[in-house]
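Q: Below are the structure tokens for one structure; questions will follow.
The values are calculated or read from the model by the stated rules, or taken from the named source; none is laboratory data. For clarity, every value in this text was computed on a predicted model and none was experimentally measured. Here the Cβ positions follow ideal geometry from the backbone for every residue, glycine too, while neighbour counts run over all protein chains shown. We work out accessible area using only protein heavy atoms, side chains counted, and drop any ligands, DNA or RNA first. Shrake-Rupley method; radii C 1.70, N 1.55, O 1.52, S 1.80 Å.
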Amino acid sequence: RLDAITDQLFPGARDHVVTVQCTPSVATLWLIPRLGRLHAALPNIDLRILTLDPGRGGGGAGLTDIEIATLDPGDAGPNCRELMTARIAPVCAPSLLPAGRLAQPSDVLRFDLLHVLGYRDDWHRWFRSAGLSEQKIPGGASFDGSLMALEAAVNGDGIMLGRRPFIDPHLRSGDLALAFGERHTLTTIYYLRWPEAARTRRDVTAVMDWLVGMARDG
């Protein structure tokens, strides 16, 4: 109510702070490169970004206005809004692909795989979807964050499951290549989630609308 009254008395005169919580990779690879556009569109709103480790919820409990999280559709409650569908695909340095691309899913068995703690199930899902559920998943380095795994992939240390659109700049620059082109991909849905206390805040709604528009436009 204080927010609403202040806005009525002094429209556009006070800055609003909206806290967004997400993983370091989402913040670094997707959100931060778009901050300039957010400020241009919403000049009276300052964004505060909190990061959390994959698979560890609640890092900003009580401090967060909006959380960007992956959820199964059945787990999305009334305070959730779909943000984007990310495609998950095997990627690696082009130097690991002498023929340009791998021919069939079993070809990954010849390489080290890069594993991200918290996303370990991605490789299990990928092997099942590729018909390799009976195969032992190759070992390789494990990281507690996608950014480190991404750096290792760029350096040619193995194949990782990259999440698009977050890794698209590395694909455009040629630092990474899709091991199978557009084939053999998984999907996961990212949602915006907010606490009940933020439901009626216009600044929070404005940031969520902007994030959804950014995800839609690419």
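Q: State all residues of segment 85-99 that are of a type outside the set (Ser, Thr, Tyr) and either assigned to a strand (DSSP E or B) or in contact (Cβ under 8 Å) with a residue 60 or more places away in the chain (or both); if no residue qualifies, say none.
A: Hits for segment 85-99 are ALA86, ARG87, ILE88, ALA89, PRO90, VAL91, CYS92, ALA93, PRO94, LEU96, LEU97.
Q: Whether any residue in segment 174-185 is assigned to a loop (DSSP other than H, G, I, E, B), open to solvent by less than 20 Å² (accessible area, probe 1.4 Å) and of a type in the set (Phe, Trp, Tyr) is what I want to check.
A: yes
Q: Moving to a separate point now. Return the total of residues in segment 186-215 being part of a strand (DSSP E or B), over 30 Å from ALA130 (Cβ atoms) and in contact with a helix residue (DSSP H, G or I) (Cβ under 7 Å, 6 or more places away or on another chain). Can you show your working first?
A: Our first condition is that a residue be part of a strand (DSSP E or B); within segment 186-215, this holds for 186-193.
Checking which are over 30 Å from ALA130 (Cβ atoms) leaves us with 192-193.
Pick out the ones that are also in contact with a helix residue (DSSP H, G or I) (Cβ under 7 Å, 6 or more places away or on another chain) and you get 192.
Number of matching residues: 1.
Q: Starting from segment 104-129, take each residue that is free of Cβ contacts under 8 Å to residues at least 60 places away in the same chain and list its partners that are assigned to a helix (DSSP H, G or I), counting only C-beta distances under 7 angstrom and pairs at least six apart or across chains.
A: Close Cβ pairs satisfying both conditions: PHE111/LEU96; LEU113/TRP123; LEU114/ALA149; LEU114/ALA152; LEU114/ALA153; HIS115/TRP123.
Q: Could you list, in sequence order, all residues of segment 93-137 that are farther than 19 Å from ALA153 by Cα and acidic (Asp, Glu)?
A: Across segment 93-137, the qualifying residue is only GLU134.
Q: Let me spell it out: the conditions are (1) in contact (Cβ under 8 Å) with a residue 12 or more places away in the chain; (2) within 22 Å of GLU82 (Cβ to Cβ); (3) loosely packed, with under 14 Cβ neighbours inside 10 Å; (4) not acidic (Asp, Glu), and LEU192 meets all of them except one. Which number is the exception?
A: It fails just one condition, (3).
Q: Also, quick follow-up: Among (1) outside any loop (DSSP other than H, G, I, E, B); (2) open to solvent by less than 80 Å² (accessible area, probe 1.4 Å); (3) within 27 Å of PRO169 (Cβ to Cβ), which single condition is GLU82 missing?
A: For GLU82, the exception is condition (2).
Q: A further question on this structure: If I filter segment 147-160 down to residues being touching a Pro at 6+ places or on another chain (Cβ under 9 Å) and open to solvent by less than 20 Å² (accessible area, probe 1.4 Å), which single residue comes out as nearest to CYS92 (Cα to Cα)?
A: Among those that are touching a Pro at 6+ places or on another chain (Cβ under 9 Å) and open to solvent by less than 20 Å² (accessible area, probe 1.4 Å), it is ILE159.
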